[in-house]
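**Student:** I'd like to ask you about the structure that follows.
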Amino acid sequence: PWCLKRCGHDTGGALALLEQTLEPGAGTPEHIHTEEDETLYILEGEADLWQSSQEHRVCAGATIHLPRGTAHGLMAAGSRPCRILHILTPAGLENYFREANRQAAEQRGDWNEVVALSAEYGIRFLP
């Protein structure tokens, strides 16, 4: 699940701040953002991060900067949930997460719908 902490409206469009909790083994497939940079701060737990075809284990306290166009994905590792703070610059992508959360709450959003919604916001999943 995603929790929106600050949106573009709060920051004059400069950034959006979201918190994500991933259960062990859950994650995001490898993808590219075409419209924003993303910085991750691991609040709790650990995750396996794929960045530009390299895998890294990141733990609480780690900060990872992902410039737009950088292929990346992650999966919660270990036996505890992983909490991650996402800083998106500029703001705008928080609207994607609002819609994705709405789809999940309505129990719709098969993979094809996720891919279509992602494309609307400049996110491209890799094969």
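The values are calculated or read from the model by the stated rules, or taken from the named source; none is laboratory data. Predicted model, so just to flag it, every value in this text is computed and none were measured. When we count neighbours, we look across all protein chains shown, and the Cβ atoms used for this are built from the backbone with ideal geometry, even at glycine. Accessible surface areas use protein heavy atoms only, side chains included; no ligands, DNA or RNA. Shrake-Rupley method; radii C 1.70, N 1.55, O 1.52, S 1.80 Å.
**Student:** So the check is Cβ under 7 Å with 6+ separation or different chains; which pairs have a first residue in the range 11-26 that's of a type in the set (A, V, I, L, M, F, W, C) and a second one that's modelled with pLDDT under 95 and surrounded by fewer than 15 Cβ atoms within 10 Å (Cβ to Cβ)?
**Tutor:** Final answer for the pair search is LEU18/CYS3.
**Student:** Taking into account only those residues within the range 80-127 that are within 12 Å of LEU18 (Cα to Cα) and part of a helix (DSSP H, G or I), which is most open to solvent (accessible area, probe 1.4 Å)?
**Tutor:** ARG98
**Student:** Another question about this same structure. Report, ordered by the first and then the second residue, all pairs with beta carbons closer than 8 Å, sequence separation of six or more or different chains, a first member in the range 92-118 that is closer than 15 Å to HIS31 by Cα, and a second member that is at pLDDT below 85 and in a helix (DSSP H, G or I).
**Tutor:** VAL114/ALA100; VAL114/GLN103; LEU117/ALA100; LEU117/GLN103
**Student:** Just name the residue that is surrounded by the fewest Cβ atoms within 10 Å (Cβ to Cβ) out of those in the range 1-41 that are of a type in the set (S, T, N, Q) and more than 11 Å from the chain's Cα centre (by Cα).
**Tutor:** Filtering the range 1-41 down to residues of a type in the set (S, T, N, Q) leaves 11, 20-21, 28, 34, 39.
Next cut, more than 11 Å from the chain's Cα centre (by Cα) only: 11, 34.
Numbers: THR11: 14, THR34: 11.
Checked the range 1-41; the qualifying residue surrounded by the fewest Cβ atoms within 10 Å (Cβ to Cβ) is THR34.
**Student:** Before we move on, is ILE64 under 14 Å from HIS86 (Cα atoms), open to solvent by less than 50 Å² (accessible area, probe 1.4 Å), of a type in the set (Val, Ile, Thr) and at pLDDT 95 or above? Write out each step before concluding.
**Tutor:** On the way: under 14 Å from HIS86 (Cα atoms): yes; open to solvent by less than 50 Å² (accessible area, probe 1.4 Å): yes; of a type in the set (Val, Ile, Thr): yes; at pLDDT 95 or above: yes.
The answer is yes for ILE64.
**Student:** Which residues, taken from the range 42-56, are loosely packed, with under 15 Cβ neighbours inside 10 Å and touching a Ser or Thr at 6+ places or on another chain (Cβ under 7 Å)?
**Tutor:** Once the filter is applied, which keeps residues that are loosely packed, with under 15 Cβ neighbours inside 10 Å and touching a Ser or Thr at 6+ places or on another chain (Cβ under 7 Å), the range 42-56 yields only SER52.
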